[in-house]
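Working notes for the structure below.
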Amino acid sequence: MLRKLCAVAWQNWTLLRRDQIVRAVAVAGVVLTVLAGLASTWSIEDRVKILFDVGYFGMQLLGSLTALFWGAKMVSDSRHDGAIEWQLAAPLSRTSWLLGKYLGLALTQLLLAVMLLVIWQLGLLMFGYGLMTDAQVAVYLMMVLGWLVLSSVAVTLAVIMRFALALFASIGLWLTGLMSQAVAGTLSPESSQYSQELVRGITRVWNLQHFNLIDRVQEQRAITAAALSDQIGYGVLLIAITLTVSSLMFSKGDVIAS
């Protein structure tokens, strides 16, 4: 099973590279780094804060949209071009096919993450900010884990929906995950008990702010190993749950046509 899974992952890796995703993200990363560096010169007192606010926001947006779009697109394309039929005609289980697809996308995302990190670090040196601190690197790695979570969500939705609807629903869940914590924090005591329980329940289950720790670095709050391990565990659990759900649904039916 592992050999077949790796074969599907390698094929998906190749297809994603042929889509010029690496080149596009590299160009976007350079533009983003230059813009962040220039924006930091607009202020004297908060140069570092502006630099990382602009840079990390841009990379978060870039990585998240890449995860959502290609996570839904790769499953849809396999159905559209008929590749899934001949692949599953071989002695390959549906679970192996789906996990291989996700693994190929995850490997591509990790490559993009390393490339963006190198571009960002070179930009910091060029603008005279020196090397990234351990806390800043940790924040970046948590952001990448968030990308992997979004990829698993997009793949799961692409199994049961057409591409356009899966992409729309994925973006909706992404925005919900970003806002759930803020909405829960603004609830007033006068809000209905049902509303409070619903919002807080969503926040406990689906809160993507767990992967956004840049404010802690900017405010010079310590990021402990225990806190990081909790966030990593949360991310891995979300990926495991979503891929398990998608595998179960895929095993009981075909991928919906594009």
> Identify, please: which residue in the stretch 12-43 is surrounded by 20 or more Cβ atoms within 10 Å (Cβ to Cβ) and under 11 Å from LEU112 (Cβ atoms) and is, among those, modelled with the lowest pLDDT?
Replying inline: LEU16
> In the stretch 59-83, which residue that is among the aliphatic types (A, V, I, L, M) and free of Cβ contacts under 8 Å to residues at least 24 places away in the same chain is farthest from TRP120 (Cα to Cα)?
Replying inline: ALA83
> Within the set of pairs 6+ apart or on separate chains, which have a first residue in the stretch 38-58 that is β-branched (Val, Ile, Thr), a second that is part of a helix (DSSP H, G or I), and C-beta atoms under 6 Å apart?
Replying inline: ILE50/ALA39; ILE50/SER40; VAL54/ALA36; VAL54/ALA39
> Just a yes or no: is a residue in the stretch 191-209 closer than 29 Å to TRP42 by Cα and either at pLDDT below 90 or surrounded by fewer than 18 Cβ atoms within 10 Å (Cβ to Cβ) (or both)?
Replying inline: yes
> Would it be correct to say that THR156 is closer than 22 Å to LYS73 by Cα, among the polar types (S, T, N, Q) and at pLDDT below 95?
Replying inline: yes
> Which residue, of MET143, MET132, is touching a Phe, Trp or Tyr at 6+ places or on another chain (Cβ under 8 Å) and not in a helix (DSSP H, G or I)?
Replying inline: MET132
>> What's the total number of residues in the stretch 219-239 that are surrounded by fewer than 17 Cβ atoms within 10 Å (Cβ to Cβ), of a type in the set (S, T, N, Q) and assigned to a helix (DSSP H, G or I)?
In response: 1
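The values are calculated or read from the model by the stated rules, or taken from the named source; none is laboratory data. What you see is a predicted model; the values in this text were computed from it and never measured. All Cβ positions, even for glycine, are placed from backbone atoms using ideal geometry, and neighbour counts span all protein chains on display.
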